1. Looking only at the stretch 164-175, count how many residues are surrounded by fewer than 12 Cβ atoms within 10 Å (Cβ to Cβ) and farther than 14 Å from G230 by Cα.
2. I'd like to verify a number: residues in the stretch 100-135 that are free of Cβ contacts under 8 Å to residues at least 12 places away in the same chain, in a helix (DSSP H, G or I) and not aliphatic (A, V, I, L, M), how many?
3. Could you list, in sequence order, all residues of the stretch 56-78 that are part of a helix (DSSP H, G or I), within 19 Å of S95 (Cα to Cα) and touching an Asp or Glu at 6+ places or on another chain (Cβ under 6 Å)?
4. Can you tell me which residue among R150, R161 is of a type in the set (K, R), surrounded by 13 or more Cβ atoms within 10 Å (Cβ to Cβ) and either under 26 Å from R207 (Cα atoms) or modelled with pLDDT under 80 (or both)?
5. Go through the stretch 233-249 residue by residue and tally those that are over 32 Å from the mean Cα position of the chain (by Cα) and farther than 15 Å from R209 by Cα.
6. Report whether or not R38 is in contact with a Ser or Thr (Cβ under 7 Å, 6 or more places away or on another chain) and either surrounded by 22 or more Cβ atoms within 10 Å (Cβ to Cβ) or more than 22 Å from R101 (Cα to Cα) (or both).
7. Please verify whether the stretch 167-176 includes one or more residues that are farther than 19 Å from S232 by Cβ and either outside the structural domain of G233 (by TED's automatic domain parsing) or at pLDDT 90 or above (or both).
Amino acid sequence: MILSTAELQTPEPHILIVDDHVEQLRLLVDVLRNERFRLSVAFDGAQGVKRAAAIAPDLIVMDVRMPAMDGFVACRLLKADPATAQIPVIFLTASDELDERLLGLQEGGVDYILKPFEPAEVLARIRIHLALSMRQGAAAQAPGPAPRPRADEVIVNAAMRHLRTNLGLTPSLKEIASQVGTHEKRLSKVFKQHVGMTVFEFLRKERLRVAQRLLRETSLSVLDIANEIGFSGAANFATAFREHTGMTPTDFRRQTVDG
């Protein structure tokens, strides 16, 4: 059953709309303004993240394709910050590609609205996720909000999450920084301060940690594991693994099995 706005516990839920297309924004505002919603807007992903942290909306409707910072990056930053992590994010997209929808859900989105949208569908999806969010919040009965992390901690957490979920890729520092909404110099500085190593030292360490797990728990070949975690070949992987553990991947697997 779809709850009406009047049935929601909060009389005036606050919705943040993030979209760089003025006409699209206007259409959404027109759809929602006759409902009992308080509305705020932002015109790109970075502004949306800042606005969400400032106003703590009950729900965010966010376009996927935006310049500078797209909706996926913005959602990743929101989910990395405990102050905004629980806010439901509904993506707007003109694409019905399954891979894109799955990526959005992996980044923390709760739903999708396809463009061009039907007003009744927009309202229904918003009401459903507002109701679910309120019920989850009531069930949690948290004693109080967790201390809010500093902005650089949010960046570091988002970067670590991005690297861990994309071990098979070899991005540049600029690409990583762009994915977490900052620039190369700041990312390098705060990563070193909070993690005690460079971004690429962390990536290498994570790759080798996952390699040990794959060697223990799977029958994948050394070459397949190397490819899976982003090494250019079995030889490069074996050299890095030996430097890290003191033994070759084959010896590590044999010792693990024998043990």
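The values are calculated or read from the model by the stated rules, or taken from the named source; none is laboratory data. Source: prediction; values computed, not measured. A quick note on method: Cβ atoms are made from the backbone with ideal geometry, for glycine too, and the neighbour counts reach across all protein chains shown.
1. 1
2. Adding up the residues that qualify gives 3.
3. Here is the first cut: in the stretch 56-78, the ones part of a helix (DSSP H, G or I) are 71-78.
Subsequent filtering for residues that are within 19 Å of S95 (Cα to Cα) retains 71-75.
The answer is G71, F72, C75.
4. R161
5. 1
6. Numbers: in contact with a Ser or Thr (Cβ under 7 Å, 6 or more places away or on another chain): no; either surrounded by 22 or more Cβ atoms within 10 Å (Cβ to Cβ) or more than 22 Å from R101 (Cα to Cα) (or both): yes.
No.
7. yes
Residue by residue, here is whether (1) more than 20 Å from K115 (Cβ to Cβ); (2) assigned to a loop (DSSP other than H, G, I, E, B); (3) in contact with a helix residue (DSSP H, G or I) (Cβ under 9 Å, 6 or more places away or on another chain); (4) at pLDDT below 90 holds:
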{"position": "L3", "(1), (2), (3), (4)": "yes, yes, yes, yes"}
{"position": "A6", "(1), (2), (3), (4)": "yes, no, no, yes"}
{"position": "T10", "(1), (2), (3), (4)": "yes, yes, yes, yes"}
{"position": "L16", "(1), (2), (3), (4)": "no, no, yes, no"}
{"position": "Q24", "(1), (2), (3), (4)": "no, no, no, yes"}
{"position": "D30", "(1), (2), (3), (4)": "no, no, yes, yes"}
{"position": "N34", "(1), (2), (3), (4)": "yes, yes, no, yes"}
{"position": "V41", "(1), (2), (3), (4)": "no, no, yes, no"}
{"position": "A54", "(1), (2), (3), (4)": "yes, no, no, no"}
